[in-house]
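The values are calculated or read from the model by the stated rules, or taken from the named source; none is laboratory data. Quick caveat, the model's predicted, so the values are computed rather than measured. So basically every Cβ, Gly included, is an ideal-geometry build from the backbone, and we count neighbours across all protein chains shown. SASA here: full protein model, heavy atoms, side chains in, ligands and nucleic acids out. Shrake-Rupley method; radii C 1.70, N 1.55, O 1.52, S 1.80 Å.
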Amino acid sequence: MPRKIMGHCIALAMILFTVSLPVLASEGVDARINEAVKPFADTVAGLVFVSFPVAGVQIPFVLVWLIFAATLFTLYFRFINFRGFKHGFELVRGDYNDPMSAGEVTHFQALATALSGTVGLGNIAGVAVAVSLGGPGATFWMILAGFLGMSSKFVECTLGVKYRNEYTDGTVSGGPMYYLSKGLAERSDRLKTLGKVLAVLFAVFCVGGSFGGGNMFQANQSFTQLVAVTGGDTSWLADKGWLFGLIIATLVGMVIIGGIQGIARVTSKIVPLMGVLYVSAGLIIIFMNLSEVPVAFTSIVTGAFSAEGIAGGVIGVLFQGFKRASFSNEAGIGSAAIAHSAVKTNRPVTEGFVALYEPFIDTVVVCTITALVIIVTGTWNPSVDPSQGVALTSAAFESNISWFPWVLTVAVVLFAFSTMISWSYYGLKAWTYLFGESMITDAVYKLLFLFFIVAGSSMQLGSVIDFSDAMIFAMAFPNVLGIYFLLPVVKKELDEYWSDYKAGKLKKFGKAANRV
C-alpha cells in the first residue's frame, strides 16, 4: 500500500469518526467507557504504583526503582553525566557526524525528537503541583534527580543503538524491545527466554502508554488550557473538543506519515522554538521579580532539608522533587532509546553522550524555570488540586502580565503536539515489534493513534488515561531489570570509545574538521 494511499485512508477514517463523535459524547458514551474501564484501570495502577510508607509518606516503589538505578549507573560509570557533558555537546553540534554511517537522523535530530517526547505538560503542570505540595525545597531534589537521570539515559540510549535492527532500505528499529531480546540472548542462553519475555512486556506497556499519557492526556490538557484563556465555560470552543482534536490529529497525521525522518525534521525546528518561547517567558517573569530570586534560592536549599509544614517533612519534600523529575524526563523508562536508536552513527556510545542532554534540558533547565516562576510569584498553594497544575502555572504568569497566559497556551499546545508526534513513533516501533514490520501494521497503529487524539479532546476518559499512565511507568520494570545484565556491554563500548577520543583517533567532519 503506497504511503499516499495510506494517508488518504487514514484521513477518510478520521472524518467518519469525527462526524459521529459529538453524538457519542453527548450520549454519555465516555462516562460508560470510563465506568467500564475503571475497575481494571484501578487494579493495574494499584500494581504499578504500589507504595510503602516512609515517615508517613507513601512512596511508590517504581520511583525507588528508577532513582536507585540512576544512582547505580552514575557510580558504575564514574559520573559519566559530568565527564561526558562536553563531548556530548560536540556530538550534538555535529563535529563527528559521519554522513556514511547507518541510521536515519543526525545526533541533533535524535535529541530533538526524544526531547519533544519528554518536554511536555509535566514540565508546566507537574512542577507547579510538586512545588505546591513539597514546597520550594522540592526543586532541589528535582534538580538532583535530573542529574542522576542523565546516567540512565546514557545507558539505555547506548544499548538502543548497539542492538538496533538495520534494514536494507536504510531504515532502523531500535529500543528496549531489541536490546532486551538480543542483548540478553547474547549474554547467555539462560537469559534468552527472560530477554524475550521482558521485550514483549515492554512493547505491550509502550503501546498502551502511547495512546494515553503520550496522546489523550496531551490533547485533553492542551484543549482545556485553550478553553480557559478564551472564556472558560462561555468560550465558543467549550463544546468543540472534537474540532480541536480533528485539527491536531490532522497536523500530527501530516507529520507521522513521513516516519522518523518527517518527525525529526519537525521536532528539530519546533523543540528549539518552544524551548526558547517558554524559557524566555519564564525568565521575563523571574526578572520582573528579581528581588525575590535570592530568597527563592535560599528557600529551595533550606526547604530541601527542613520542611516545616510539609506533609512527611524532609521525606515528603524529597519525594515530590524526585517524583516530578522521574515522571518528567522518563529516565529509566526506556522510551527515549527508541528515538535515539535512529541516529546515524557506527559507535553506539556516541548517542549515549548525546542523551545526557535530555534530562538536563528537560529537568535541570525547563522544570527549574517553572519552579522559580511559581516560587518568586508566590503562587504555590499547598492545598492545590493536582489536576489544576496548568491553571496554577498560568496564574503565576498572569500575576505579572495579564496576557502571558496566551504565551503559556501557545507553549502548552506546542509541548502537547511535539509529545504526541514523538510518542506516536515510540508506540509504532513497539507495535511493529509485536505484530511485524509492514505497511498494514504501520497504518493500523497510526489510525488508532489519530483516533485517540480526537477522543482525548472530546471525551472525559479519566480511567483510560490513568491506565495508560500506569503503562508508561510499567515500562521501567522490564527495561531496568534487563539493563542490569547489560552494564558490562555498555562499559566495554564506553572504555573503547573514550580511549579513542582521548587519543585523538576520532575523525571530525565538516566545519569541525576545519577548526582542528
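Please verify whether G209 is farther than 28 Å from L494 by Cβ and open to solvent by less than 10 Å² (accessible area, probe 1.4 Å), treating the condition exactly as stated. Answer is yes for this residue. Would you confirm whether any residue within segment 233-245 is within 23 Å of F449 (Cβ to Cβ), in contact with a Leu (Cβ under 6 Å, 6 or more places away or on another chain) and assigned to a helix (DSSP H, G or I)? Yes, segment 233-245 has at least one match.
Answer with yes or no whether T409 is in contact (Cβ under 8 Å) with a residue 40 or more places away in the chain and within 25 Å of V271 (Cα to Cα). In short, yes. One residue is enough: does segment 405-414 have a residue meeting the conditions farther than 19 Å from G146 by Cα, surrounded by 24 or more Cβ atoms within 10 Å (Cβ to Cβ) and of a type in the set (G, A, S)? Yes, segment 405-414 contains a residue that is farther than 19 Å from G146 by Cα, surrounded by 24 or more Cβ atoms within 10 Å (Cβ to Cβ) and of a type in the set (G, A, S). Scan segment 169-189 and tell me whether some residue there is of a type in the set (F, W, Y) and more than 29 Å from Y76 (Cβ to Cβ). No - not one qualifying residue is present in segment 169-189.
Do we have V271 as surrounded by 19 or more Cβ atoms within 10 Å (Cβ to Cβ), modelled with pLDDT under 85 and over 19 Å from the mean Cα position of the chain (by Cα) here? Answer is no for this residue.
Against the definition (of a type outside the set (G, A, S), touching a residue at least 60 places away in the same chain (Cβ under 8 Å) and more than 24 Å from V266 (Cα to Cα)), how does L486 come out, yes or no? When the stated conditions are applied, L486 passes them.
The numbered conditions (1) among the hydrophobic types (A, V, I, L, M, F, W, C); (2) surrounded by fewer than 24 Cβ atoms within 10 Å (Cβ to Cβ); (3) more than 20 Å from the chain's Cα centre (by Cα) are all true for F147 except (3). Please indicate, with yes or no, whether at least one residue in segment 214-221 is within 30 Å of V490 (Cα to Cα), touching a residue at least 12 places away in the same chain (Cβ under 8 Å), open to solvent by less than 20 Å² (accessible area, probe 1.4 Å) and in a helix (DSSP H, G or I). Checked segment 214-221: at least one residue is within 30 Å of V490 (Cα to Cα), touching a residue at least 12 places away in the same chain (Cβ under 8 Å), open to solvent by less than 20 Å² (accessible area, probe 1.4 Å) and in a helix (DSSP H, G or I). Hey, can you tell me all the residues within segment 370-404 that are surrounded by fewer than 21 Cβ atoms within 10 Å (Cβ to Cβ), part of a helix (DSSP H, G or I) and modelled with pLDDT of 80 or more? Residues satisfying the conditions are A395, E398.
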